1. If one computes the Cα centroid of the range 431-466 and of the range 133-197, what distance in Å separates the two points?
2. Along Cα→Cβ, 7 Å out, is where each label goes; now give me the distance between the ones at residue 173 and residue 105 in nm to one decimal.
3. Given the -39500 (n - 2.57) contribution per DSSP H run of 4+ residues, what per-residue ellipticity at 222 nm results for the chain, rounded to the nearest 500 deg cm²/dmol?
4. Considering Cα pairs under 8 angstrom that are at least six residues apart, work out the relative contact order of the chain and quote it in whole percent.
5. Can you bin the range 157-304 into rounded, prolate or oblate? Criterion: square roots of the alpha carbon gyration tensor eigenvalues sorted a ≥ b ≥ c, rounded for a/c under 1.5, prolate for a/b above b/c, oblate for the rest.
6. Can you tell me the length gained on complete extension of the stretch residue 285 to residue 355, counting 0.36 nm per residue apart and subtracting the Cα distance?
7. Where does the charge balance sit around residue 155 when Lys and Arg score +1, Asp and Glu -1, over other residues with C-beta under 14 Å from its C-beta?
8. Can you work out the accessible area per residue across the range 338-466, with the rest of the protein chains kept in place, probe 1.4 Å, in square angstrom?
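The values are calculated or read from the model by the stated rules, or taken from the named source; none is laboratory data. Quick caveat, the model's predicted, so the values are computed rather than measured. Methodologically, a virtual Cβ is constructed for each residue, glycine included, from the backbone with ideal geometry; neighbour enumeration extends over all protein chains shown. These area figures cover heavy atoms from the full protein model, side chains too; ligands, DNA and RNA do not enter into them. Shrake-Rupley method; radii C 1.70, N 1.55, O 1.52, S 1.80 Å.
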Amino acid sequence: MAKYVFQPTDIKELKDQYDLVVIGSGSTGMTAALQAHELGLNPVIFEKMANFGGNTNRASSGMNAAETNVQLKHHIVDSYEEFYEDTYRGGGELNNKEMLQYFTTHGALAIDWLADHGIHLDDVTITGGMKIKRTHRPSSMAPIGNFLVTELLKLIEKEEIPVFNNVHVDKLEETDKAISAVSVTLGDGAQKQIKADAVILATGGFGASKDIIQKYRPDLVDYNTTNQPGATGDGIKLAQSVGAGLVDMDQIQVHPTVQQDTDHAFLIGEATRGEGAILVNGEGKRFVNELDTRKNVTNAINQLPEKSAYLILDTGIRAHVKAIEFYDHIGLVVHGDSIDKLAKTINVDAANLGKTVSNWNGYVADKNDTEFGRSTGMDRDISQAPFYAIHIAPAVHYTMGGVKINRKAQVLTDNGHPIKGLFAGGEVAGGLHGNNRIGGNSIAETVIFGRQAGEQSYKYVTNLKH
């Protein structure tokens, strides 16, 4: 099957005015543009990079939602309250409660909205910090990010929404204290002003910005990052320039399982552990509940003398995580016909690793991890040869902090007043996740708050014109 290739709009077609400018072409931006367009607005998407999809392309696990029909088909009875509690506890109870309330009660609607657009997430898995399987993904078990970006681009193309790449938004312009235009630099260096009744910031986080990380978290400045090079906090700077407040800027998530032995850091998604993989240290022993929160698993790895660990899995687990085919294809996966051979290849004590795996298989059979109290991701043991290992260590992954918004995705000043005509959603906005983002909540946030930004910008622009 030929790979789908999206063609950006020719720059010659750029108009001087649009109802709505969406900055960023990740899942938040595309969802917002589609929702606004379906309501009757005339939006445009500006992407500063050559490629589309931003960090969404790198998401691998899935999209969290509670009380979905998909869950019921899998005999999973969930509730908004439990989703709220898991996320609130996982975020150190520092989450913005108003945003969290909106988020946890709109996940199922977002899953339905995607399905209505032919994007079906009909399989479920689990991620760290969750008690229930609520991480939705395609039944092909393909990594969610690239799947979602491809499907959303097809819809954008079908709806003929203009999308320009290599366009950098330099400045937000205001008239009478309301957003009225954006100043942009085009790919050829030409500068232009585009009028707009509203702007949505969907620019992602600042996980690839050494400058901002240095300012708020100098202790993390030497870490590798899983972020694409464009995640440099542009939306934060744009919002600040018109008086927006920031929140939780020092809350930066380090992802525990990132393969960093090549030039490029590859995130090994939480679904790998959610489907049954374990973590072992340099001695071949487990050292943590692998599905504790990202913060806790990261801390456990950082306390090891080698500050890195190995994910251990088998053929049965591999069959349930399609991303492993990709990791293997690019040379990140070590193979062993037996646990012994695998141990020798990764240079850990074979007797230790054998005992660790055998103990783990017993815990899975009894549904009781007496060592570390793990209670999820125990659907299958590690017994089906060949066996696999992936070397991992923590890397900067996600920025919980960002622009201050409310549940209506309106960008707020420090003292909580909405900036007229400015909306934001996704990783550029702070507050939802507290001090730790749960796996599967970032994709959920892009669709839930992307739709909300699209809906509220429509409402704002319509009121403006009447």
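1. Result: 14 Å between the Cα centres.
2. Simple spin-label model gives 4.0 nm for this pair.
3. For the chain, the value works out to -10000 deg cm²/dmol.
4. Once normalised by length, the contact order is 24 percent.
5. The shape class here is prolate.
6. Length gained between residue 285 and residue 355: 24.4 nm.
7. In short, -3.
8. Here the residues of the range 338-466 average 37 Å² of exposed surface.
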